[in-house]
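A short worksheet on the structure shown next.
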Amino acid sequence: MALRGTNQEFGRPYNRRIVLETIRLHGPVTRADIADRVGLTIQTVSNIVRELEERGFLVAHRGAPKGRGSPAESLTVNPDGGYAVGIDITPIGLEAVLTNLTGAIVGRERRDLDHADPDTAFDAIETLVAKLVGVRPDGRMLGVGMAIPGPFDVESMSFVGPTTMEGWTGVPLRRRLKEATGLPSFIEGIAASAHGERLFGAGRDFRDFYYLYFGVGFGGCMVHDGMPLRGAFGNAGEIGHMPVVPDGDLCPCGNRGCLERYVSIEAYERRAPDIGDDAWVAEVTPLLRSAIVTIENLFDPETIILNGLGHRSLLQKLIAATGPFANSVSARTDRTAPRILLSDGGYDAVLRGAAALAVSGALSPRFGVMFAERRQRSERDPIMLDAGRAA
Ligand SMILES: [Zn+2]
């Protein structure tokens, strides 16, 4: 259930990230434990550990002597070794947290904003982040990570709708975030929350799982080998716009019968007041069940983890209604995990995941670039931006 390292020297930033993540997930651990878990040599692990220890990110504990020889040191993350801000922006507002290096939340701020335009949002972000940084005025601020709803920069889908962020297409997000906060900045779509679930939620126990997010819209992200699968342009997993009802409801994206027209908080708030919660769940269950089969056949995950904004009892009802499941590659007799389970990270996993982007990005520069590569590249390079527009 561990991430695997690479013994090639150019993989150092990647290795640094997985060593730190392994200590975060499994500490206290010895250098030998880490080497074993991630498939690196003890020497490579020791070099990385020394580097992280010197910079105050790790704490070593010496156990009681057992028999001959000195006992192996076990390592934990130094909670106060660094702090990061995690922000989630949605069509209904902003929520932000300050986390320490273990991912524990030490400060929290929120602001209701109805479909904020970028200027309004970044003004609010500047204020919120300043307040959070003030919670630990002497702390080492590693950066700020922000989760934002997709799809990103898709010309044919830059529609205005109740589940999307109006006027956000073509905005240099990372640069704006950096200008507003003065901190190293990282932006992701649903991959941020999937990363949070993997580190801080039910995803801890799985290496390959599908993360399903019931928010204002409906989204998802495959976590493969411990890493969110982003796709070529960061839009993989936009299942909310999967057509599921032929000639169904018109979606603001221009198509008909998209899944999130029926299964999302936006859909729930449109429909449930008229017919009641239980009738709404019964109405959308066949669609959800069929989406589960599609996800399973496409990705063959160990399990599907459902998370969402508020309404935890509603998520529980949705899960309870999904059985009995139709056949798929996941209908195995030897399976131990349920086909779908409720996140135990809750909404905080989203915010902690956004903050964790900044931690991973700051400590492993290459990883940070990997995580937002396309948009960063187009931001830096106006030629790339023009090429993207023309295409
Ligand atoms: Zn759609």
* Can you work out the FRET efficiency for the pair Ile275 and Gln316, with r the C-beta to C-beta distance and R0 = 22 Å, to the nearest 0.05? -> 0.70
* Structure fact -> Counting all Cα-Cα pairs in region 307-352, those more than 16 Å apart amount in percent to 49
* Fraction in percent of alpha-carbon pairs per bin - 5 Å, region 202-344 -> 2, 10, 19, 24, 22, 14, 7, 2, 0
* Once the Cβ-Cβ distance between Arg204 and Asp138 is put in as r, and R0 is 25 Å, what FRET efficiency do you end up with, to the nearest 0.05? -> 0.20
* To do: For region 9-77, state the average projected area of the convex hull of the C-alpha atoms over all orientations, rounded to one decimal in nm².
  => 4.6
* How high is the FRET efficiency from Asp249 to Glu283, r the C-beta distance, R0 22 Å, rounded to 0.05? -> 0.95
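Bear in mind that the values in this text are calculations on the coordinates, not laboratory data. Note that the structure is a prediction, hence the values are computed from the model and not measured. Note: ideal-geometry Cβ built from the backbone for every residue, glycine included; neighbour counts use all protein chains shown.
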